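Before any comments, here is the structure.
Values in this text are rule-based calculations from the coordinates and carry no lab data. No experiment lies behind these values; they were computed from the predicted model shown. Counting neighbours? That spans all protein chains shown, and the Cβs are built from the backbone with ideal geometry, glycine included.
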Amino acid sequence: MSIIHPSRRSFLAAAGAISLAPAAFAKKKPLVGIEMYSVRTEMAKDVFAPVKEVARMGYECVEFYGPYYSWSTAQATEMRKLLDDLKIKCLSTHNDSKNLLPENLNKAIEINKILGSKYIVMASAGRVDPSVDGWKKVADTLSKAADITRPAGLAVGYHNHQSEWKPIDGQKPMEIIAKNTPRDVMLQLDIGTCVETNNDPVAWINANPGRIRSIHCKEFSRKPGEGYKVLFGDGDAPWKQIFKAAEKNGGVEFYLIEQEGHALPPYEAVEKCLANFKKTHG
């Protein structure tokens, strides 16, 4: 399969809707996976080899990012066969905000269902009017997308960056999104950006029980020159407290290692991240 990679980047409580009780998610130990953007240089060469390699390392699931949306159904089917052969899952995908518009969502639904994914995640809201109404429009897009994906057995999610933690008229955009979306819209928490902006990830998890069903385990360090370049466990995030809150209240189903870049080669970096995760999480 040859795929050219561009650069990255209401609720009805009816029968069959996704259960929101944290206890429903706590019965199984959360899987540990990887956002494949972490090995983007390798993905640009061959999308299959990196999946094989992270499965060998012991990752249990993967999250494909933006370029997956350009795959044909045949290409997605080929990837699904590989995932099944490796006994590794794809539980979510990262998407450009336009992928969640009604006119584009059917393609995302089709590919995600082939892959076995559960969540179509808006990876970024893109350019948003810096106002409460601007962020309410983002919430409205997510809510409308959820209405479309729900009958197909899929859910949508939202992945935060730094701007969502900076108050606008006394409200943080993340709070606006949480308040104005149905509870089956997953709030995929990016730990690194939360920590960088001096927000408390544990408090956020506890304030949104059952909605933090996926967490990006991205590290952040305040040491000069480090930032997001550190390996998991070498930064400032309070991981043990995060894990406790996520599994007691957040409803986490799977963790995703995300490595923005390191002096080590990508494969070596993400393998060390996984080893550090297992030591910290237990």
key: Charge context of K244, other residues only, Cβ under 15 angstrom, K/R +1, D/E -1   = +1
Stokes-Einstein translational diffusion, region 79-163 - Kirkwood Rh over all Cα pairs, 0.890 mPa s, 25 °C, in µm²/s = 182
task = Give me the Kirkwood hydrodynamic radius of the chain, using the inverse of the mean 1/r over all pairs of distinct Cα atoms, in Å to one decimal.
result = 18.9
task = Provide the FRET efficiency to the nearest 0.05 for the E78-K98 pair, computing r from the beta carbons and using R0 = 25 Å.
result = 0.50
Kirkwood Rh in Å, taken over all unlike Cα pairs in region 161-218 = 11.6
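Can you put L231, L256 in order, fewest other beta carbons within 10 Å first?
Going from least to most buried by this count: L231, L256.
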note = Over all Cα pairs of region 218-282, the Kirkwood radius sets Rh, and Rg/Rh then becomes 0.98
inquiry  = Can you compute the helix-only [θ] at 222 nm over the chain? Use -39500 (n - 2.57) per DSSP H run of at least 4 residues, normalise by all residues, nearest 500 deg cm²/dmol.
reply    = -11000 deg cm²/dmol
request  = Please give the net charge around V195, taking every other residue with its beta carbon less than 12 angstrom from that of V195, where Lys and Arg add +1 and Asp and Glu add -1.
outcome  = -3
